[in-house]
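What follows is calculated from the coordinates using simple rules that are stated; it is not laboratory data. It should be emphasised that the depicted structure is a prediction, and the values quoted were computed from it without experimental measurement. All Cβ positions, glycine included, derive from the backbone under ideal geometry; neighbour counts span all protein chains shown.
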Amino acid sequence: MIRAEAADLPDDGALKTPDRLSRRASRLLSQLTTRSDRLITEGLALADARKWHYAVLASLQEHGPASQAELSRRSGIYRSDMVGVLNELAERDLVERAPDPDDRRRNIITISARGRIHLRRLDKVLDDLHDELLAPLSPAERDQFVQVLTRLLDHHTGTA
């Protein structure tokens, strides 16, 4: 038996998507997420970065120094993966680790001057990628789209 994966199906209209699928917000969000993830991942790779690098640097810039556990909570990165992400950032001098003066068993992570410069560069890269992703929308529609997505996410994560 031959099995077709969603990614194998043509987008050229040769295979017509059933209307009941085309009208499902969950399917549309899934398809857009797939395209968005690919666009962002490839774009950040050209800037020698990954999504997790951006998440950690942005968290440190906006909320200040933090422990690895706190950075995991802020960014949504699993604690088991955070060490690897921080190692990558530290090897490039984008973050600094120092013993926590209140608890010498843990480190406090701080964004470095070089990390702030890199973050500004990544902000520009992501601005351009989002412009590409949201190209068919006017500025007002883009704002509205983000507001609606935020509202839905807040509702489903209990942060509303």
Exercise. Would you please list the contacts, defined by Cβ atoms under 8 Å and residues six or more apart or on different chains, that run from a residue in the stretch 119-133 that is on the phi > 0 side of the Ramachandran plot to a residue that is of a type in the set (Val, Ile, Thr) and part of a helix (DSSP H, G or I)?
Key: none
Quiz item: Using beta carbons and a limit of 9 Å, which pairs, at least six apart or on different chains, have the first residue in the stretch 16-34 and in a helix (DSSP H, G or I) and the second one surrounded by 10 or more Cβ atoms within 10 Å (Cβ to Cβ) and small (Gly, Ala, Ser)?
Solution: Leu28/Ser22
Self-check item: Whichever residue in the stretch 61-82 is assigned to a helix (DSSP H, G or I) and out of contact with any helix residue (DSSP H, G or I) (no Cβ under 7 Å at 6 or more places or on another chain) and, among such residues, is farthest from Leu119 (Cα to Cα)
Solution: Ser80
Quiz item: Before we move on, is Leu44 under 15 Å from Ile109 (Cα atoms), among the hydrophobic types (A, V, I, L, M, F, W, C) and in contact (Cβ under 8 Å) with a residue 24 or more places away in the chain?
Solution: no
Self-check item: Some residue of the stretch 136-159 being loosely packed, with under 12 Cβ neighbours inside 10 Å and closer than 16 Å to Arg50 by Cα
Solution: no
Quiz item: Does any residue of the stretch 92-102 turn out to be assigned to a strand (DSSP E or B), of a type in the set (Asp, Glu) and closer than 20 Å to Glu62 by Cα?
Solution: yes
